[in-house]
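Student: One structure, pasted below without further comment.
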Amino acid sequence: MAVNDFTGKNIQNTYQRVVQTDGTNLADGTGSLLPISFDGNDVIISGSLIATEYSISSSVVDIQIAALSGSTNFGDSSDDTHTFIGNISSSGTSTLGGTTYISGSVYSGSNPNTKTEESLVALIVTGSIIPEGNDKWSLGSETNYFRDLYVSEESIKFISASGEVTQLRQKDAKALLEGRPVQQLTAVGGTDVFLRTQALFHETNDSSFIKTKTPGLWDFNGPGGNILSIDAETVQHTITLNSSDSKLILNGVISASKTNATHIMGGTTKFGSNTVTINGSAGHITSSGNISASGVLTVSSINGTINGGNF
């Protein structure tokens, strides 16, 4: 309703539009009270105050809110954003339910002129802490560090400069603390998923290693495959060269302390050629017992003496 223009009109015709006050209450010309009154310098409104802009003098330091019912919250809507250029101080507990970003430093002290920069002592969240920006971020420092760090059983991951991700699981840490080996996540060189104590690897070549998955059985693998096996599982221990082209070269002495057993060299396909050469033409055989041959024993040159028996 538009406000009437009282110019050139008598009060007797317009009194109902006149506002009057007794110093406390405010009423219209008919004596009907309006929903506003005065108490000294205070203005009391029994209804709602609706304004497109609400300005408070910078000298105002105390704002009190009282309500019989309803909410006294502001910013209680998801699309309600508030920006503070100055400082926000809280002597009680501050609860942050959403995502919180701290782009500056954390300070302590009530006096802005004497406050000191501090580390963030404690942070309890129910969501995620996400760094903002493309730089590398540190969790704590050498002087300001976290006392306890609790993570789920598969939550620690190391990222290299090339982007490779290595995961450290809870069971890996437990195995290290108990002195147990840590099992690999994937197979090495297309072979088994070894425990590192089950395989001794070359520093740079994953196809060259010694493995023992069964107690007492050792296999040496090289770029050419499995070439050597050591069997200490049974009473009859064996050392096997797994290639027909394998050679066993000893620059020292072959000694067998067991005298009542048969020692076989050559004669089977397991050991390759049937010919046994003792150090070429300069070699010699010394025997304190008998020398037997089921085949032909050929001597190309005799420079010594044969004592006892016939030759």
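Student: Between residues in segment 227-245 that are under 10 Å from Leu217 (Cβ atoms) and residues that are modelled with pLDDT of 85 or more and acidic (Asp, Glu), which pairs lie under 6 Å by C-beta distance while being six or more apart or on different chains?
Tutor: Every condition considered, the pairs that remain are Ser229/Asp219.
Student: Another question, then. Where the second residue is among the aliphatic types (A, V, I, L, M) and at pLDDT 80 or above and the first is surrounded by 14 or more Cβ atoms within 10 Å (Cβ to Cβ) and lies in segment 193-208, which pairs have Cβ atoms under 9 Å and are six or more apart or on separate chains?
Tutor: Correct list of pairs: Ala199/Ile210; Leu200/Ile210; Phe201/Ile210.
So that you can scan it fast, the table gives a plain yes or no per residue for (1) assigned to a loop (DSSP other than H, G, I, E, B); (2) modelled with pLDDT under 70:
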position	(1), (2)
Leu228	no, no
Ser257	yes, no
Ser273	yes, yes
Thr277	yes, yes
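Student: Take segment 14-58 and flag every residue that is surrounded by 10 or more Cβ atoms within 10 Å (Cβ to Cβ) and of a type in the set (A, V, I, L, M, F, W, C).
Tutor: Val18, Val19, Leu26, Ala27, Leu33, Leu34, Ile36, Phe38, Val43, Ile44, Ile45, listed by residue number.
Student: Taking Gln183 and the conditions (1) modelled with pLDDT of 85 or more; (2) over 30 Å from Ala256 (Cα atoms), which numbered condition does it fall short on, given that it satisfies the others?
Tutor: (1)
Student: Another one. Would you please list the contacts, defined by Cβ atoms under 9 Å and residues six or more apart or on different chains, that run from a residue in segment 18-35 that is in the same structural domain as Gly47 (by TED's automatic domain parsing) and under 13 Å from Ser46 (Cβ atoms) to a residue that is modelled with pLDDT under 90 and assigned to a loop (DSSP other than H, G, I, E, B)?
Tutor: Final answer for the pair search is Pro35/Ser46; Pro35/Gly47.
Student: I would also like to ask the following. How about segment 1-114: which strands (runs of 3 or more DSSP E) wholly inside it have at least 2 residues that are at pLDDT 80 or above?
Tutor: Those strands (runs of 3 or more DSSP E) span 19-21, 25-28, 33-39, 42-45.
The values are calculated or read from the model by the stated rules, or taken from the named source; none is laboratory data. What you see is a predicted model, and the numbers here were worked out from it, not measured in a lab. Backbone-built Cβ (ideal geometry, glycine too); neighbour counts: all protein chains shown.
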